[in-house]
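Have a look at the structure below before the remarks.
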Amino acid sequence: MSTGMPSVPPGAVAHQLRWSRYRFPDSLYGYAAWIAVLGFLAFSVNYLDIPLARIPDMFHRMVSVIASRYYPPDIEYIMDRDYLDYVVETIQMAYLGALFGLGISIPLGWFGAFNMTPSRRFVYPVARLFTMGFRAVHEMIWAILFVSILGFGMLPGVLALTFFCAGFAGKLFAEEIEAIDMGPVEAMRATGANLFQVMVFGVFPQVRVAFTGIGIYTWDVAFRAATVVGFVGAGGMGWYLKRAVLQIETERVAAIILSIVVLVMISEVVSAYARARVMKMK
Amino acid sequence: MPLVHETAFAIQLDHENLRRARGPETAEMNAPSNGAGTDAGATSAATAATADRLLADRRRRRVGRLVIATVLVAAVVWSVDVTIVQDTDWKRMGSLANVLEAAGEFVGVDWGLFPDLAKPALETFMIACLGTLLGVLVCIPVAWFGALNITPFKPVTYPLARLMMTLSRSIHEIVWALFFVAVVGLGAMAGIFALAMRSIGFIAKMSAEAIEDIDPGPVEAIRAVGGNGFQVLIYAILPQVLPQILGVVVFEWEINIRRSAVLGLVGAGGLGLVFFRQMNTFNFPGVTTVLLAILGIILIGEVVSHFARKAAI
């Protein structure tokens, strides 16, 4: 989009022209795009039969539902040994899934970074496709697929998280590698280093800190996902949640959700602290 | 070749550093022989002390790193043992051939299902769009309260907004959907609310950070000419952060398409519902077909978001 003043013909009175950031055809496209988006949204409301008139009423209902059914949360239910075992299992699942996923995502990030990929014509599109495919499929769908292939248990959960993390971190790694300074890489190449040596001595020192930060963040995200993959039978706290939901024990559901929120908050604080420490080392 | 010069310079610099690092020892060796003044001796002692401290620091850091590495590796071994070795029902899973056979059932596409997928795909897409829109609307006050430089009443509104952001991001969309299905009933409405709640955290956090980073000049200028708080927001803050926020919103919309495809699991309609129906009837090629449809709408979303982000920036 071109920005700047509309061109004023010499001799014309400048103050008669209304200033606009965009020139004529661009401004038209901009307005057309906005109108199209709004029109589509209005059409969606119509198509999905959203009862707009009932929305104010819903807030009232929301409060009454929380007050009558979900309060007070049944804290005793989640304080027993059995549940704590599931919490530990969830943490382990997230840890392994993130670790294996990071292991896959490092080559994915390398091959999918446009500046460092071994072959721009063959390897790059394949790596990009894999990264996108891993990312595009939601972790719950991965979990369902693996449960149907491998049976119930934590192994399908770990594999689902592995695929999810590989896509998540692969994209971030590739972006990080694309942003490096090419000087050291050229220096390594000039001294006759092979592909692997260029990677280890030219690229890796530049992205080490960023990779560690991304790795910790990936673990954090994996933990959030791990709390619910059990919902489809992949182990961890999600299984508890599913059971409470099916039994319509809403106060237990509230307690489990509360415990998930607390655990995720703790993991967020821990990961923020660890990332800050890693960044300071830089 | 400037590159060669740079490399040579770097090597030279390295030697310089090495010499400086060796400094204390040579200074100590030299000090008694040439009988230098107490001044030089004190300096060299100080340098030696610094070097000692640095070395000790390095050693400590190395030990710390070793401890962390040991703990991490031990955690891997323990987790693998508990989650994979003990928890898996290896007998039921059978041999590798059985697993491959089970996976092989998914190969193939159920072409007859395609015509039935158009409507759910559109629904999924629309739920994602409306969820993002609602999320953005709710975001406006949250981002306003959560930005340190413009929050109206810091002791109350700032923590409130932060709590909202964390709550929104820490509860998974499935859990949000469960809650809203209980409140507003089955259907697209629950999905839209769930996506909106889930989107608030990220959009509000990024927007608040963008607002905290603005140039205060325009804000002062609008205040100086007598603009009220609302006018400051509209004319001084919004123009500075709008491109960034639009980029974040488009990004979140893209993720919301992905999310809305699974909300059918808890009764929020769309492609997810078809997916689980295919799964429950063991029509595995149909499952693959639905996955392809999900990939298709995500691809559309990615293309649109690519152009939209370009236009926004």
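Within 10 Å of the Cβ of each residue in B:125-132, the mean number of Cβ atoms contributed by other protein chains is 3. When each of the peptides A:225-233, A:171-179, A:257-265 is scored by how many other beta carbons lie within 10 Å of its residues on average, the order from highest to lowest is A:225-233, A:171-179, A:257-265. The alpha-carbon of B:LYS154 sits under 17 angstrom from the alpha-carbons of these lysines, leaving out residues fewer than 8 places away in its chain: B:LYS205. Working ranking of peptides A:86-99, A:61-74 by packing, defined as the average number of other Cβ atoms within 10 Å per residue, highest first, is A:86-99, A:61-74.
Normalising the average separation of contacting C-alpha pairs (under 8 angstrom, six or more residues apart) by the number of residues puts the relative contact order of the range B:200-306 at 21 percent. The spacing between the range B:201-272 and the range A:192-231, judged by their C-alpha centroids, is 28 Å. Peptide A:48-55 is shielded by partner chain Cβ atoms: per residue, an average of 4 of them sit within 10 Å of its Cβ. Note: relative contact order over the range A:203-282, using C-alpha pairs below 8 Å and six or more positions apart, is 35 percent. The distance separating the Cα centre of the range A:69-128 from that of the range A:248-282 comes to 15 Å.
Karplus-based coupling profile of the range A:33-48, in residue order and whole Hz: 5, 4, 5, 4, 4, 5, x, 5, 5, 4, 4, 5, 4, 5, 5, 7, with θ = phi - 60° in 6.51 cos²θ - 1.76 cosθ + 1.60 and x standing for Gly or Pro. Along the charge dipole of chain B, Cβ charges K/R +1 and D/E -1, which of B:VAL107, B:THR289, B:MET206 sits furthest on the positive end? Farthest along the dipole direction, towards plus: B:MET206. The sum of -39500 (n - 2.57) across all DSSP H runs of n ≥ 4, divided by the residue count of the protein assembly as shown, sets its helix-only mean residue ellipticity at 222 nm to -25500 deg cm²/dmol. Per-residue mean of foreign Cβ neighbours for B:76-82 is 5 (Cβ atoms of other chains, 10 Å radius). Comparing mean-square fluctuations of A:PRO25, A:PRO156, A:PRO56 from a GNM of chain A with C-alpha springs under 10 Å, the top value falls on A:PRO25.
Using a Gaussian network model of chain A in which every pair of alpha carbons under 10 angstrom is joined by a spring, one finds that among A:PHE40, A:PHE168, A:PHE59 the greatest mean-square fluctuation is at A:PHE40. Straight-line reach from A:LYS242: which aspartates and glutamates have a Cα under 17 Å away, not including same-chain ones fewer than 8 places off? Within the straight-line cut-off, A:LYS242 pairs with A:ASP74, A:ASP82, A:ASP85, A:GLU89, A:GLU139, A:GLU251, B:GLU173. Residue ranking by accessible heavy-atom surface, 1.4 Å probe, largest first, among B:GLU173, B:GLU123, B:GLU220, B:GLU212 comes out as B:GLU220, B:GLU212, B:GLU123, B:GLU173. Peptides B:290-297, B:225-232 ranked from most to least packed give B:290-297, B:225-232, packing being the mean of other C-beta atoms within 10 angstrom over each peptide's residues. Residue separation of A:ILE35 and A:GLU249 scaled by 0.36 nm, minus their Cα-Cα distance, works out to 72.4 nm of gained length. Straight Cα distances below 15 angstrom link A:LYS171 to the aspartates and glutamates B:GLU254, B:GLU302, with same-chain residues fewer than 8 positions distant left out.
The values are calculated or read from the model by the stated rules, or taken from the named source; none is laboratory data. Worth saying up front: this structure is predicted, and the values here are computed from it rather than measured. Cβ coordinates were reconstructed from backbone atoms using ideal geometry, including for glycine residues, and neighbour counts include every protein chain displayed. In case anyone asks, the SASA skips ligands and DNA or RNA and just uses the protein heavy atoms, side chains included. Shrake-Rupley method; radii C 1.70, N 1.55, O 1.52, S 1.80 Å.
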